[in-house]
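The next block holds one structure in the form of structure tokens; read it before the comments.
The values are calculated or read from the model by the stated rules, or taken from the named source; none is laboratory data. Since the structure is predicted, the reported quantities are computational estimates derived from the model, not experimental observations. Virtual Cβ from ideal backbone geometry, glycine too; neighbours counted across all protein chains shown.
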């Protein structure tokens with residue numbers, strides 16, 4: 001849940017204030033019923049009120065939100081996102097919201113907050129700052145349309161390790177009230193530890209404005225990769241050329257980043273200390289052609305070659321899938337590996353996945369989801385493969401030998417076996433590679449004769465003793 005205060009600017013010299021409320025519902029948190037078309041829908045009773053400091057209700061709204069009909073395979077992958085606008089008078093206002101699951105009235109979510117609606121300034125001033133998840137160049141009429149773009153809100157002010165970019169949108173009013181002799185004026189957008197104070201990083205989004213407009217939409221992106229965990233503010237200041245402040249606004253946010261990267265000094269930094277980044281349009285990337293189900297499958301394909309932090313994010317997506325977040329993560333995953341051509345890097349990996357599917361796929365699982373497929377994608381083709389189908393006293397098994405797996409500079413091996421209930425697939429049983437599964441009791445699973453060891457087994461040659 002979040003909110004932003006904006007002011008009217010089209011055919012309205014009074015600049016009346018209105019608040020935008022945004023909220024996002026976890027699709028797994030509500031109950032579903034069968035719709036008339038056979039698909040599933042959820043219904044959420046929504047009650048919203050705004051109360052002035054004197055206690056009188058200024059605005060009240062009640063309705064039932066119904067999710068888009070979806071089949072059972074996609075119902076938990078949908079994005080339940082709402083945006084509503086309400087005109088409000090100046091002063092302090094309390095927001096109260098109650099969401100109730102119609103299918104189970106005991107499941108409720110209650111939200112309260114207080115906001116101050118400022119009287120519009122006679123000079124230039126900013127609206128509040130909206131955090132944006134995705135901005136798309138699309139003028140189709142929708143609730144999210146602002147100044148020619150679909151601005152999809154980011155409903156929290158917390159940026160986890162896997163979210164390396166902060167997108168923002170705000171509006172600048174009464175530019176025509178600035179005396180002509182003060183132009184051009186300059187806007188700085190930066191991150192600080194306190195509102196509008198010293199910069200926390202060298203990154204600054206810098207723009208110069210000339211006279212001639214009364215209203216200006218402002219949007220951009222800040223790179224969070226160098227920002228360590230902590231509390232921060234996004235600060236925006238409009239100044240004259242001699243640094244006289246004309247208008248300013250700021251927004252608090254939190255960042256979790258266990259492994260911040262070292263800042264890179266660029267040519268732009270040395271000359272002006274700013275970075276310009278365009279908001280990414282996912283519809284113009286290679287991810288556009290994939291369905292939500294395919295995007296989830298891609299996340300599974302990435303796990304073998306992911307870092308521990310990336311793998312944590314992928315596992316979280318498996319539990320709580322959200323289409324736009326998953327696509328954004330995948331795009332950044334490949335862009336971090338090939339800045340210039342992320343799609344090319346992805347397509348090279350697709351060929352490896354296809355090979356793995358041919359080698360290890362079964363009627364139950366695609367190859368990349370099998371244990372052998374996972375190790376193959378992670379370490380590549382083994383230097384030696386020993387397949388043992390009919391050794392006396394053992395289940396069928398394979399040993400994969402690598403001369404130097406991963407960052408390990410000594411040989412390592414993997415032991416896979418085929419349980420009795422499996423026809424063609426093998427499970428990972430034990431490994432001597434650092435960081436992989438160690439199972440000192442592998443013999444009691446592999447040997448069927450009841451013995452804890454078999455000196456004649458080929459497996460003992462690769463995993464002698466407790467190796």
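For residue 15, work out the one condition from (1) surrounded by 14 or more Cβ atoms within 10 Å (Cβ to Cβ); (2) touching a strand residue (DSSP E or B) at 6+ places or on another chain (Cβ under 7 Å); (3) farther than 15 Å from residue 127 by Cβ it doesn't fulfil.
Unmet condition: (3).
Of the residues 76, 83, 99, which is assigned to a helix (DSSP H, G or I), closer than 21 Å to residue 154 by Cα and within 25 Å of the chain's Cα centre (by Cα)?
One residue alone meets the criteria, 76.
From (1) loosely packed, with under 15 Cβ neighbours inside 10 Å; (2) within 30 Å of residue 284 (Cα to Cα), pick out the condition that doesn't hold for residue 187.
Checking residue 187 against (1) loosely packed, with under 15 Cβ neighbours inside 10 Å; (2) within 30 Å of residue 284 (Cα to Cα), the one that fails is (1).
Would you be able to say whether some residue in the stretch 269-283 is touching a helix residue (DSSP H, G or I) at 6+ places or on another chain (Cβ under 8 Å), under 30 Å from residue 190 (Cβ atoms), surrounded by fewer than 18 Cβ atoms within 10 Å (Cβ to Cβ) and at pLDDT 90 or above?
no
For the stretch 195-214, enumerate the residues that are more than 26 Å from the chain's Cα centre (by Cα) and farther than 17 Å from residue 239 by Cβ.
Of everything in the stretch 195-214, those that are more than 26 Å from the chain's Cα centre (by Cα) and farther than 17 Å from residue 239 by Cβ turn out to be 212, 213, 214.
In the stretch 219-227, is there at least one residue being in contact with a strand residue (DSSP E or B) (Cβ under 7 Å, 6 or more places away or on another chain) and exposed (fewer than 15 other Cβ atoms within 10 Å of the Cβ)?
No, that holds for no residue.
Within the bounds of the stretch 34-51, is there any residue that is exposed (fewer than 15 other Cβ atoms within 10 Å of the Cβ) and closer than 26 Å to residue 215 by Cβ?
So far as the stretch 34-51 goes, no, none of its residues is exposed (fewer than 15 other Cβ atoms within 10 Å of the Cβ) and closer than 26 Å to residue 215 by Cβ.
Only one of (1) under 27 Å from residue 104 (Cβ atoms); (2) touching a strand residue (DSSP E or B) at 6+ places or on another chain (Cβ under 8 Å); (3) in contact (Cβ under 8 Å) with a residue 60 or more places away in the chain fails for residue 65. Which number is that?
So the condition that residue 65 fails would be (3).
When the stretch 174-232 is examined, which residues are found to be in a loop (DSSP other than H, G, I, E, B), out of contact with any helix residue (DSSP H, G or I) (no Cβ under 6 Å at 6 or more places or on another chain) and under 22 Å from residue 146 (Cβ atoms)?
174, 212 - these are the residues of the stretch 174-232 that are in a loop (DSSP other than H, G, I, E, B), out of contact with any helix residue (DSSP H, G or I) (no Cβ under 6 Å at 6 or more places or on another chain) and under 22 Å from residue 146 (Cβ atoms).
Can you spot a residue in the stretch 150-163 that is on the phi < 0 side of the Ramachandran plot, in a strand (DSSP E or B) and free of Cβ contacts under 8 Å to residues at least 40 places away in the same chain?
Yes, that holds for at least one residue.
Please verify whether the stretch 375-386 includes one or more residues that are crowded, with 18+ Cβ neighbours inside 10 Å, more than 23 Å from residue 308 (Cβ to Cβ) and under 32 Å from the mean Cα position of the chain (by Cα).
No, there is no match, as no residue in the stretch 375-386 is crowded, with 18+ Cβ neighbours inside 10 Å, more than 23 Å from residue 308 (Cβ to Cβ) and under 32 Å from the mean Cα position of the chain (by Cα).
Restricting to the stretch 70-82, name every residue that is out of contact with any helix residue (DSSP H, G or I) (no Cβ under 7 Å at 6 or more places or on another chain) and surrounded by fewer than 17 Cβ atoms within 10 Å (Cβ to Cβ).
At the first step, the residues of the stretch 70-82 found to be out of contact with any helix residue (DSSP H, G or I) (no Cβ under 7 Å at 6 or more places or on another chain) are 70-72, 81-82.
Within the stretch 70-82, 71, 72 meet the criteria.
For the stretch 146-156, which positions are surrounded by fewer than 16 Cβ atoms within 10 Å (Cβ to Cβ) and at pLDDT 90 or above?
156
For the stretch 18-49, which positions are over 16 Å from residue 83 (Cα atoms), touching a residue at least 40 places away in the same chain (Cβ under 8 Å) and touching a strand residue (DSSP E or B) at 6+ places or on another chain (Cβ under 7 Å)?
Listed by number, the residues that qualify are 27, 30, 31, 32, 33, 43.
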